[in-house]
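Notes follow the structure.
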Amino acid sequence: NAQDRTVYSVTFDGKEVISESRLGLRFREQKGFDAGFELKEAARQSVDETWEQPWGERRFVRDHHNELLAQFADAEGRKLNLRIRVFDDGLGFRYEVPEQAGYKDVDIVDELTEFHLPQDSTAWWIPGRAYNRYEYLYRETGLEDIQLAHTPMTLRTPGGTYLSLHEAALVDYAGYVLDHRRENVFKTNLTPWSDGTRVKTKTPFNTPWRAIQVADKATG
């Protein structure tokens, strides 16, 4: 965008349900993947397959989505990929950081992923990182009453669209809570180690999926 940042937005039924929101990662030692990147290549594919799960409400699950692999690079040749999968009932995206010079071992100190939500939405949420962890009754409030929220957090926009924010494939990475940074903008706040580092890893690595369910009614 105009500020030289990588951003995304989400439209559903012709209405913007997530406005322009930041993307990126910052590291303790290396230069952050937060500005100066340009889209170099984009690969698309469609998938329609079914897999069997050992337990749950459904034995067979249909995986039907369109995928975009966006490959970014900056003037120094640093590489960052964003894999996006769009389903009929939502979408997911994750960062994929390939092996590259200077980034063998990395300490992630911040993930910049944001969710810029519609003003005057109603949210159902529980407080993040509070003493009773996940054992709270869900609250129904406006976005302005939230500081930290555990995922999944569900909301209804003024237009009647329902969104639910969560994550998937949380493996060798820190879980996040939604941090209300500025008006209607929530950021991924990764759970830190005792030394403040959010994630200790090495390239190549993938982050968990940032999942956004979207539906025109709550049962969706």
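Of note:
- Some residue of segment 76-85 being exposed (fewer than 15 other Cβ atoms within 10 Å of the Cβ), over 20 Å from Arg198 (Cα atoms) and of a type in the set (Val, Ile, Thr): no
- Residues in segment 106-128 that are in a loop (DSSP other than H, G, I, E, B), in contact (Cβ under 8 Å) with a residue 60 or more places away in the chain and out of contact with any Lys or Arg (no Cβ under 7 Å at 6 or more places or on another chain): Leu117, Pro118, Gln119, Gly128.
- Counting only strands (runs of 3 or more DSSP E) wholly contained in segment 1-75, the ones carrying 3 or more residues that are of a type in the set (Asp, Glu), at pLDDT 95 or above and exposed (fewer than 10 other Cβ atoms within 10 Å of the Cβ) occupy 38-52.
- Within segment 180-213, being open to solvent by less than 10 Å² (accessible area, probe 1.4 Å) and closer than 24 Å to Pro158 by Cα holds for Val185, Phe186, Thr188, Arg210, Ile212.
- Residue pairs whose Cβ atoms lie under 7 Å apart, sitting 6 or more positions apart in sequence or on different chains, and linking a residue in segment 40-69 that is over 15 Å from Val86 (Cα atoms) to a partner that is open to solvent by 50 Å² or more (accessible area, probe 1.4 Å) and part of a loop (DSSP other than H, G, I, E, B), are Glu52/Arg59; Gln53/Arg59.
- Condition met for Ala149 (loosely packed, with under 13 Cβ neighbours inside 10 Å and under 16 Å from the mean Cα position of the chain (by Cα)): no
- Qualifying position, being aromatic (Phe, Trp, Tyr), at negative phi and without any contact (Cβ under 8 Å) to a residue 12 or more places away in the chain, among Tyr95, Tyr131: Tyr131
- If you go through segment 130-154 and pick out every residue that is of a type in the set (Lys, Arg) and either at pLDDT 95 or above or within 16 Å of Leu165 (Cα to Cα) (or both), you end up with 1.
The values are calculated or read from the model by the stated rules, or taken from the named source; none is laboratory data. What you see is a predicted model; the values in this text were computed from it and never measured. Cβ coordinates were reconstructed from backbone atoms using ideal geometry, including for glycine residues, and neighbour counts include every protein chain displayed. Ligands, DNA and RNA are excluded from the accessible area calculation, which covers all protein heavy atoms including side chains. Shrake-Rupley method; radii C 1.70, N 1.55, O 1.52, S 1.80 Å.
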